[in-house]
Amino acid sequence: MSVQPAYIELYSGWATAQNGGFLYGRVHRGEPQALPMPGEGLTKKLERTFKDLDLRALANAGVRLSGFPGAGDVTADGNGFLKVSLPDGLPATTLSVTANLDMPDYEAPSAVTRLPVTGATEPLVGVISDIDDTLTDTGVTHTEELLKHTLFNDTYDVKFFPDAPQTIAAIAGIGGELLPTLPVFYLSGSPWGLYQRISDAFDRCGLPHGAMILRRYSQESLNPFDFKLPHLLEIVDANPGRRWILFGDTGEKDPEVYNTLIEKRPGSVDRVFIHKVTREDPQDKRFEGFFVFVDWAEVGEALRTRPVR
């Protein structure tokens, strides 16, 4: 049998020196899809999107990791996804992690990603933000319409709310190669198949690099609450003593999931900013204790009044 082409995507990852973390990726059959080009028509966008989301997964693929203590052989799940637990005790630096396919009937080029490892440094603050309707303007607030909007647009169509990228950069700090001073997480219900287009859009607008966590539609709940809460708990539990500045919106379940996080992990949340994208009253009980804003400039002013410490 001839050897078949395949490729590995290492999407994102994060870790802390104290408690480890996770590396996310996927293994596919065939060749990688070309990135979208500006000005493409709807037909081309649809074709590219469905190719991005095509289930060409290489089920149960063997992958050999290197670049961190304890790295070795791992196995993708039945849909080709990798969620690799990273050990505690990692050095607080940026690691270069390499993945090589270990399948006799397939060959793939090595995949490499940079993995930031956070130590216990001052200030003990971090940023976790939703994406759709918090940072990016989809113009819709219901899951079905949001998915349709997301699927029919490419990376060049992503619209950011004015001042959103600049505000996140001001909070997190930003240095060379868009690396933040504080740990930053972007948590969204968009599918992992759209990771590259979202990541490219973030780079173009100047958002600080952070660990991006998207949804495995084959395994994770479509309910925003049930999807987000376990990931939030993983992040908070891996960062003992760190307080988080949370960003979400009124369109889905961000207020509810953030309230539950506050209840389950007292003292872990510094403050919560909720972007008003629906007609709800900002004084509604579901927003109690949160800063509800319409314009991102309001967030900047609130942070000048009470700076991050």
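Annotations
- Subset of K228/K276; K159/K228; K83/K159; K83/K285; K159/K253 violating a 26 Å alpha-carbon distance limit: K83/K159; K83/K285
- Förster-model FRET efficiency, 41 Å R0, V3 and D284, C-beta, rounded to 0.05: 0.10
- Magnitude of the charge dipole, the chain, Cβ model with Lys/Arg +1 and Asp/Glu -1, debye to 20: 400
- Helix runs (DSSP H) in the chain reaching 18 Å along axis by Cα, Kyte-Doolittle at least -0.5: 224-238
- Taking only the Cα atoms of the chain, the radius of gyration and Dmax are 19.4, 67 Å.
- With the simple spin-label model, which puts each label point 7 Å out from Cα in the Cβ direction, the R56 to T260 separation comes to 3.6 nm.
- Dividing the mean sequence gap of close Cα pairs (under 8 Å, 6+ apart) by how many residues the chain holds gives a relative contact order of 17 percent.
- By DSSP, the beta bridges lying fully in the chain are antiparallel in about 55 percent of cases.
No value in this document is a laboratory result; all are computed from the given coordinates. Note that this is a predicted model, so its numbers are computed, not measured. Every residue, glycine as well, gets a Cβ built from its backbone with ideal geometry; the counts of neighbours run over all protein chains shown.
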